[in-house]
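Undergrad: Handing you this structure, nothing more for now.
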Amino acid sequence: DLYQLNVYGHSDLKKKIAAGEIQPAATTVQQAEMFAFAYEWLEKRPFRRLSNCHWAKTNRERSLYNTLNKQGAETLPFGAGAGGKLAGYSCMLHRDLNSYLQAVENCNKPIMSLSRQSELQDLYSAVLHQLEQGYLDIAVLESCGDKRLQELLWLLDIWEKRGLVKNNGVLFCLTIAGQFWKINIAQTIIESIHSLYTGETQFSFQKIAAQG
């Protein structure tokens, strides 16, 4: 599994790095280089690609949750910190184990949050599923939405010039760099679709990780 390490501003990890107790985390540039190295290493060996971040060597690992969740499948959450989707709603159970156990002990549902999914959720799920598999197919997405999605092509053309995607004539395939930035690409596409369908054009920007 290839995941980026995020160092959050008020985390214990950030404090220990600032105090010099442990080495600083890799910068974003260094993490990108690590991802490219690991990708090429895995691709040269008998590993099977499951998704953007997951590889497997045997059938014991299938990454079903990640795959089905990105497709928008309905899932029932069990256990502290679990998330699920059902009947147009998303929910998250208490992450704090004591809060979770207390709710169960009191015969209450241990739900920390519950929210209604967007009316565009099926389209969002189609985007997330495609990108998780390393491509974007505008024609298939149009079967979930409409011709307005053609307006995404200018954005994909920019990303192709930046080396994040490559148009093979049918699909826009993520390059290694695009796979590293997949989460950012997915978020941008979803925000763009939201704007196309709702007319809203204001988005919030915030720095999530503390490393450069």
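The rows are residues; the columns are (1) modelled with pLDDT of 90 or more; (2) over 30 Å from residue 14 (Cβ atoms); (3) touching a Lys or Arg at 6+ places or on another chain (Cβ under 7 Å); (4) of a type in the set (Gly, Ala, Ser).
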residue: 101; (1), (2), (3), (4): yes, no, no, no
residue: 118; (1), (2), (3), (4): yes, yes, no, yes
residue: 128; (1), (2), (3), (4): yes, no, yes, no
residue: 143; (1), (2), (3), (4): no, yes, no, yes
residue: 147; (1), (2), (3), (4): no, yes, no, no
residue: 164; (1), (2), (3), (4): yes, no, no, no
residue: 168; (1), (2), (3), (4): yes, yes, no, no
residue: 191; (1), (2), (3), (4): yes, no, no, no
residue: 210; (1), (2), (3), (4): no, no, yes, yes
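Undergrad: Still on this model: Suppose we filter 81, 88 for residues that are surrounded by fewer than 16 Cβ atoms within 10 Å (Cβ to Cβ), in contact with a His (Cβ under 9 Å, 6 or more places away or on another chain) and at pLDDT below 95; which single one remains?
TA: Of 81, 88, the one residue that is surrounded by fewer than 16 Cβ atoms within 10 Å (Cβ to Cβ), in contact with a His (Cβ under 9 Å, 6 or more places away or on another chain) and at pLDDT below 95 is 81.
Undergrad: Picking from 8, 100, 3, 39, which residue would you name as being loosely packed, with under 11 Cβ neighbours inside 10 Å, touching a residue at least 12 places away in the same chain (Cβ under 8 Å) and not in a strand (DSSP E or B)? Spell out the reasoning first.
TA: Values: 8 fails: loosely packed, with under 11 Cβ neighbours inside 10 Å; 100 fails: loosely packed, with under 11 Cβ neighbours inside 10 Å; 39 fails: loosely packed, with under 11 Cβ neighbours inside 10 Å.
On inspection, the qualifying residue turns out to be 3.
Undergrad: Moving on to the next point. Counting only residues that are open to solvent by less than 50 Å² (accessible area, probe 1.4 Å) and under 24 Å from residue 54 (Cβ atoms), give me the strands (runs of 3 or more DSSP E) lying completely in the range 105-177 with at least 2 of them. First the steps, then the outcome.
TA: Details: elements: 111-116, 165-167, 172-174.
The strands (runs of 3 or more DSSP E) meeting that bar are 172-174.
So that you can scan it fast, the table gives a plain yes or no per residue for (1) within 30 Å of residue 175 (Cβ to Cβ); (2) touching a Pro at 6+ places or on another chain (Cβ under 6 Å); (3) of a type in the set (S, T, N, Q):
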residue: 87; (1), (2), (3): no, no, no
residue: 97; (1), (2), (3): no, no, no
residue: 100; (1), (2), (3): no, yes, no
residue: 112; (1), (2), (3): no, no, no
residue: 115; (1), (2), (3): no, no, yes
residue: 120; (1), (2), (3): yes, no, no
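Undergrad: Could you say whether any residue in the range 15-28 is closer than 16 Å to residue 182 by Cα and either in contact with a His (Cβ under 8 Å, 6 or more places away or on another chain) or at pLDDT below 95 (or both)? Lay out the reasoning, then the answer.
TA: Let us first name the residues in the range 15-28 that are closer than 16 Å to residue 182 by Cα, namely 28.
In the following step, the residues that additionally are either in contact with a His (Cβ under 8 Å, 6 or more places away or on another chain) or at pLDDT below 95 (or both) were identified as 28.
Yes; the residues of the range 15-28 include at least one that is closer than 16 Å to residue 182 by Cα and either in contact with a His (Cβ under 8 Å, 6 or more places away or on another chain) or at pLDDT below 95 (or both).
Undergrad: Quick one: count up the residues across the range 11-36 that are free of Cβ contacts under 8 Å to residues at least 40 places away in the same chain, touching a helix residue (DSSP H, G or I) at 6+ places or on another chain (Cβ under 8 Å) and open to solvent by less than 90 Å² (accessible area, probe 1.4 Å).
TA: Number satisfying all stated conditions: 1.
Undergrad: Same structure, new question: For the range 54-62, does any single residue satisfy the condition of being in contact with a strand residue (DSSP E or B) (Cβ under 6 Å, 6 or more places away or on another chain), open to solvent by 90 Å² or more (accessible area, probe 1.4 Å), closer than 27 Å to residue 86 by Cα and of a type in the set (D, E, K, R)?
TA: No, that holds for no residue.
The values are calculated or read from the model by the stated rules, or taken from the named source; none is laboratory data. In this text the structure is predicted, and so the values were computed from the model without any measurement. In this analysis, Cβ positions are derived from the backbone assuming ideal geometry, glycine residues included, and neighbour counts consider all displayed protein chains. Just the protein is used for accessible areas: all its heavy atoms, side chains included, with ligands, DNA and RNA removed. Shrake-Rupley method; radii C 1.70, N 1.55, O 1.52, S 1.80 Å.
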